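FYI, it's all coordinate maths here, none of it is from the lab. No experiment lies behind these values; they were computed from the predicted model shown. Cβ coordinates were reconstructed from backbone atoms using ideal geometry, including for glycine residues, and neighbour counts include every protein chain displayed.
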Amino acid sequence: MSQKSLSKPAKTLGILGGGQLGRMSAMAAARLGIKTHIFCPETDSPASHVSAQTFVATYDDKDALKAFAKSVDVISYEFENIPVETVHYLKKFKPVYPDETLLGIAQHRWKEKQFLNDIGIPTACWAKATCANDIEETLEEWGVSTCIIKTTRFGYDGKGQAKISKLEDIQPAWASLKTNEAIIEALVPFKYEISVIVARDLFGKVQSYVPVLNDHKNHILAKTTAPAPLAPELLKRATQMAEKLAKRVELVGVLGLELFVTKDGSIVANEIAPRAHNSGHWTIDACSVSQFENHVRCVCGLPVGKADRHSDAVMLNLIGDEIALVEKYLSKKDANIHLYGKPEVRAGRKMGHITLLK
Ligand code: AMP
């Protein structure tokens, strides 16, 4: 179906999803005089606290989706597991950015890896698995005994994946995924994990934030250092990859590209986030135009803003009980505190973040 297009900049933005990314987008929109309406299945969501209106319904509730679409000028989403059919349906009423091409690619690891490879962006060596036997055959073909297997859909923060170190691991690893469709990836001996956030507007103009270094704890992002303390030539190559991707999918909005860097300086792509990314939260405090403002600008038909930073920064996620650390930061003059207003603390839950400017 053809996409309705914006004839003038949007005054009301609709966001599918009610998490912290929606919340920070709504706050950026408010600064630009743009109202936000949220659509999500949960009540009392972080984004609803700072938005003009919230529609609480499931993503297949057509009546609610139609009412939501009619209440806004343009629609975006803040997490990648929105059903593609929902986007199809909403497009009958209002433009949806980024469109479902990118969403479909980012939702399925086979499609994601295939697309990246097709446009010349290297990834880990990979293969499809629909049964445990496929893993054994692939390892034999590759002449190795280790790999990572991941569900094709709905994996995040290390969930839906298992490492295989020897042949005996295959059966239990396959069973633990509880799926009939997975990707087999060669283990990348990476030294660093970095990411790049790129924004592209409706006029085709592109801006990229400097690549950042990401440190994880229990597979969850713990710390981002901006810029990544790596060679300028390497940062340039990483940026070129992300910009190539943004252009090839005709991105409208922002995306994050997660990359591995090996000891010899090779860069391979791991994952695409078709939205603002946790590793870009530092941009709120260290750039005039944050990743959230740029997302809002791009999807609302405004020109993309400069992604330059006025400061280097370190961003620390507050995960679960770490929310208690806020006490310490409240008295620090250089700490920019961001809390997401989640009513309940849970292990592994992103409760907020702190940005320290350098
Ligand atoms: P993902 O869900 O794909 O982002 O993977 C979560 C984490 O697992 C990554 O941040 C890496 O630390 C690790 N990982 C994922 N894929 C690979 C791979 N092919 N080789 C080595 N480590 C990986």
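Dividing the summed -39500 (n - 2.57) terms of all DSSP H runs of n ≥ 4 by the residue count of the chain sets its mean residue ellipticity at 222 nm at -8000 deg cm²/dmol.
The ratio of the alpha-carbon radius of gyration of the stretch 264-358 to the globular-protein estimate 2.2 N^0.38 Å is 1.24. Straight-distance candidates among the lysines for linking to LYS92, with alpha-carbon spacing under 23 Å and chain neighbours fewer than 8 residues away dropped: LYS4, LYS8, LYS11, LYS35, LYS62, LYS66, LYS70. Considered as an equivalent ellipsoid built on the Cα gyration tensor, the stretch 211-286 has semi-axes of 18, 17, 12 Å, the largest given first. For the pair ASN133 and LEU325, the difference between a 0.36 nm per residue extended length and the Cα-Cα distance amounts to 64.4 nm. Computed from the alpha carbon atoms alone, the convex hull of the stretch 63-197 holds 137 Å³ per residue. Look at the dipole of the chain built from charges on Cβ: of VAL84, VAL96, PRO274, the Cα furthest out on the positive end belongs to VAL96.
Projecting the Cα atoms of ILE121, ALA173, LEU325 onto the dipole axis of the chain, where Lys and Arg carry +1 and Asp and Glu carry -1 at the beta carbon, places LEU325 farthest toward the positive end. Average projection, convex hull of the Cα set of the stretch 12-96: 4.5 square nanometres. Extension gain for LEU167 to ALA231 (0.36 nm times residue separation, less C-alpha to C-alpha distance): 19.2 nm. Give me the Debye-computed log₁₀ of I(q)/I(0) at q = 0.13, 0.22, 0.25 Å⁻¹ for the stretch 138-181, equal point scatterers on Cα only, no solvent, two decimals. Debye curve over Cα of the stretch 138-181, log10 I(q)/I(0) at q = 0.13, 0.22, 0.25 Å⁻¹: -0.27, -0.73, -0.89. Were the residues from LYS358 through ASP118 laid out at 0.36 nm apart, the gain over their Cα-Cα distance would be 82.5 nm. Summed over all non-identical Cα pairs, the Kirkwood treatment of the stretch 190-357 gives a radius of 16.3 Å. Within the chain, the ratio Rg/Rh, alpha carbon atoms throughout and Rh by Kirkwood, equals 0.96.
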